[in-house]
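The values are calculated or read from the model by the stated rules, or taken from the named source; none is laboratory data. This is a predicted model, so every value here is computed, not measured. Counting neighbours? That spans all protein chains shown, and the Cβs are built from the backbone with ideal geometry, glycine included. The accessibility values were calculated without ligands, DNA or RNA, using every heavy atom of the protein model including side chains. Shrake-Rupley method; radii C 1.70, N 1.55, O 1.52, S 1.80 Å.
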Amino acid sequence: QVQLTESGGRLVQAGDSLRLSCSASSRTVVLYSKGWFRQAPGKEREFVATIAGNGGAAYYANSVKGRFTISRDNTKNTVDLQMNNLRPEDTAVYFCAADALDKGLISNPGYTYWGQGTQVTVSS
């Protein structure tokens, strides 16, 4: 009974900013670990960012470090991804993921639950 729903993806121009949001619906499972991944057509899914359970620390892929910011609101059960200075290479389907366990601040934690993704397209 866990459902993750991403929103906010759209077509933007290089240099623009965009904020993605992931809303979690869970009646019985407490989602401790949360993160963002992305996948471009024909490429493997790659790690983007993850955040500590209390929101006090975060870990980012080198490709987005300094441009993206992950945050979470545990009262609303949401996790957001603020993306600044977007580049064409950021074009991908962005997925949020979560797990009931503390997966740590690592790039490939193996999350149990996944959303369906939201498309972000950055034009030159």
Carbon + sulfur, % of accessible area of the chain - ligands and nucleic acids excluded, 1.4 Å
45 percent
Estimated FRET transfer efficiency when R0 is 41 angstrom, pair Ala100-Ser123 (beta carbons, to 0.05):
0.60
With an 8 Å Cα cut-off and a minimum separation of 6 or more residues, compute the relative contact order for the chain in percent.
36 percent
Ranked order, Tyr94, Tyr113, Tyr60, Tyr32 - accessible area, probe 1.4 Å, largest first
Tyr32, Tyr113, Tyr60, Tyr94
Surface accessible to a 1.4 Å probe, per residue, for the residues of region 2-75, Å²
55 Å²
Is there a quick way to get the dipole size of region 12-81? I mean about its Cα centre, with the Cβ of Lys and Arg at +1 and of Asp and Glu at -1; what is the value in debye to the nearest 20?
80 debye
Give the ranking of Arg27, Arg10 by solvent-accessible surface, highest area first, calculated with a 1.4 Å probe.
Arg27, Arg10
With every protein chain in place, the accessible area of Glu46 for a 1.4 Å probe, in Å² rounded to the nearest 10, comes to 80 Å²
